[in-house]
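> The following block contains the structure, expressed as structure tokens.
The values are calculated or read from the model by the stated rules, or taken from the named source; none is laboratory data. These numbers come from a predicted model, not from an experiment. Cβ sites come from the backbone with ideal geometry, for glycine too, and all protein chains shown count toward neighbours.
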Amino acid sequence: MSERMTQLRTAVVLLAFLGASGAQTEVRSQVVPHILAACAAFAPNGTSGTVTVDTVGLSLEITDPFGKVTRLTEPLRYPVPKLLVGQLRYGCEIYFDDRSELIAVGVSNGIFGRQLQIAVADLKALDLIGEWGVEPQSGFFSPSLTGFLEGTTSIAVGGEPPTQTGGTRHGLFATLLFDPTGKQLMPTATTRSYSDETDLFPRYADPAHNRLWFCRCVVVSAPWSRQPLGCIRSITLAGDEQRSPEFMPSIQGKKRTDLWFLPTSFAAPDPDTLLVAEGNRLWRVDIQAQSMDSLALPTRAHFPSLSAFAQAATISPDGQIAAVAFDLSALAFPYLVDNYAYKGTDIAVVQIRPLRLFKIIRDDRASNPIGFAVDHRQGKVTILIYRKDHWERDDLAASLQP
């Protein structure tokens, strides 16, 4: 009898072990992959695209105006070494062409001076039609996908040319054009010079309007209130070199304290208008009219104690709404000066004309990465946001001011 009981106990233990092993295997197979980057965009016809990048590949989800969803995947051309997962900063860019027929995705990393993978999908065939890589050897220190060139299906890749010693040549910006299948359309990159390297020139590539915007921020040995005013102008990215008129804040009688010092975020709703963001303030600069409006976002009274714009803004296809992300930080232990810890990212949704705050979408959790896009049509503002490990889509009733 005792021998029989021993056999039963052994069988029970064995079954339990096998069951536990199977459960562990099943749990492991359901582990959510580490998300490296996320981005989104809206097309002029209302189609939306979202991209999430994990350690294996990129996943593109296309939603047409009627709600039909198509999912496309592509392996990473430059896979992440296991030891570097969570350590490298990845970038994600996504753009539609003017006719809502193509969508281009760029995924970049910081390995060996930044490598860029580009994938292009045809929205009629709902399939990928091109995939290729751009590396620093192509003539860029840090290549990035910047979008479709104005009125064409040509895909622009831009970056700073490297020096002979492998560093960055500040004050120069190079652009290469590709067709949707990855064929390079020009033998060499178009290079624009916008600085003599002695001053600070934040710049913003804007292929949708064939512009390279740059802001001259001269620093002198004087208090902040007495620093020179920063002017803004643009130059064509491709084709014949043409420079826009220069925006001079002094014409408007602006003071140093009325303006930006070193902008961190830009967006261009049209060829003559630039949104500039720094700290918790936005400016809309009209180059032709030589005018400017500003908007100060409300700050939180308590925790977190610091907020600042941290990445490029996104514009709705009709050019009426902008969404800008700003990071939240709080003083961290041992509570010394300039020792801040990241606490999350909020999204400010603003009307561009007139420049006014529409809504702030709060996020108190330090969820990274974050991707977002904004759309405006039929009296509705739609926001796509990747946070807390999934995409969220919110529709907001729009009551825009004339």
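> With the requirement that a residue be crowded, with 20+ Cβ neighbours inside 10 Å and more than 21 Å from Asp206 (Cα to Cα), what does the stretch 252-294 give you?
Within the stretch 252-294, Leu259 is the sole residue that qualifies.
> Only one residue in Arg356, Arg393 is more than 24 Å from Gly91 (Cα to Cα) and charged (D, E, K, R), so which one is that? Talk me through it step by step, then tell me what you get.
Numbers: Arg393 fails: more than 24 Å from Gly91 (Cα to Cα).
When all the criteria are applied, what remains is Arg356.
> Looking at Val80, Val105, Val157 in this structure, which one is over 21 Å from Phe173 (Cβ atoms) and in a strand (DSSP E or B)? Working first, answer last.
Values: Val80 fails: in a strand (DSSP E or B); Val157 fails: over 21 Å from Phe173 (Cβ atoms).
Being over 21 Å from Phe173 (Cβ atoms) and in a strand (DSSP E or B) holds for just one of Val80, Val105, Val157, which is Val105.
> Just to be sure I understand, how many residues within the stretch 220-247 are hydrophobic (A, V, I, L, M, F, W, C), part of a loop (DSSP other than H, G, I, E, B), surrounded by 10 or more Cβ atoms within 10 Å (Cβ to Cβ) and over 25 Å from the mean Cα position of the chain (by Cα)? Quick ask: steps written out before the conclusion?
Keep residues of the stretch 220-247 that are hydrophobic (A, V, I, L, M, F, W, C), which gives 220, 222, 224, 229, 231-232, 235, 237-238, 247.
Next cut, part of a loop (DSSP other than H, G, I, E, B) only: 220, 222, 229, 237-238.
The next check asks that each one be surrounded by 10 or more Cβ atoms within 10 Å (Cβ to Cβ); those that pass are 222, 229, 237-238.
Adding the requirement that they be over 25 Å from the mean Cα position of the chain (by Cα) leaves 222, 229.
Total meeting the criteria: 2.
> Check the stretch 27-40 and report whether any residue there is surrounded by 11 or more Cβ atoms within 10 Å (Cβ to Cβ), modelled with pLDDT of 90 or more and not aliphatic (A, V, I, L, M).
yes
> Return only the number of the condition from (1) out of contact with any Ser or Thr (no Cβ under 8 Å at 6 or more places or on another chain); (2) farther than 26 Å from Asn45 by Cβ that Asp127 does not satisfy.
(2)
> May I pose another question? Right, Ala322: touching a Ser or Thr at 6+ places or on another chain (Cβ under 8 Å), buried (at least 19 other Cβ atoms within 10 Å of the Cβ), part of a strand (DSSP E or B) and modelled with pLDDT of 80 or more or not?
Details: touching a Ser or Thr at 6+ places or on another chain (Cβ under 8 Å): yes; buried (at least 19 other Cβ atoms within 10 Å of the Cβ): yes; part of a strand (DSSP E or B): yes; modelled with pLDDT of 80 or more: yes.
It is true that Ala322 is touching a Ser or Thr at 6+ places or on another chain (Cβ under 8 Å), buried (at least 19 other Cβ atoms within 10 Å of the Cβ), part of a strand (DSSP E or B) and modelled with pLDDT of 80 or more.
> May I ask you to verify whether Asp127 is at pLDDT 95 or above, surrounded by fewer than 22 Cβ atoms within 10 Å (Cβ to Cβ) and farther than 22 Å from Ala208 by Cα?
Numbers: at pLDDT 95 or above: yes; surrounded by fewer than 22 Cβ atoms within 10 Å (Cβ to Cβ): yes; farther than 22 Å from Ala208 by Cα: yes.
So Asp127 fits the description; yes.
> Continuing with the same structure: Suppose we keep only residues that are over 30 Å from Ser316 (Cβ atoms) and of a type in the set (A, V, I, L, M, F, W, C) within the stretch 223-250. Which one would you say is modelled with the lowest pLDDT? Show your work before the answer.
Applying the first criterion (over 30 Å from Ser316 (Cβ atoms)) to the stretch 223-250 yields 223-229, 240-241, 250.
Remaining after also requiring of a type in the set (A, V, I, L, M, F, W, C): 224, 229.
Details: Trp224: 66, Leu229: 75.
Here the residue is Trp224.
> Right, next: Within the stretch 248-298, how many residues turn out to be hydroxyl-bearing (Ser, Thr, Tyr) and either in a helix (DSSP H, G or I) or closer than 15 Å to Cys231 by Cβ (or both)? Reasoning before the result, please.
Here is the first cut: in the stretch 248-298, the ones hydroxyl-bearing (Ser, Thr, Tyr) are 250, 257, 264-265, 273, 291, 294.
Right, trim to either in a helix (DSSP H, G or I) or closer than 15 Å to Cys231 by Cβ (or both) and you get 250, 257, 291.
Total meeting the criteria: 3.
> Scanning for something of a type in the set (Ser, Thr, Tyr) and not in a strand (DSSP E or B), does the stretch 143-150 turn up at least one residue? Break it down into steps so the answer makes sense when it comes.
Taking the stretch 143-150 and keeping what is of a type in the set (Ser, Thr, Tyr), we get 144, 146.
Right, trim to not in a strand (DSSP E or B) and you get none.
So far as the stretch 143-150 goes, no, none of its residues is of a type in the set (Ser, Thr, Tyr) and not in a strand (DSSP E or B).
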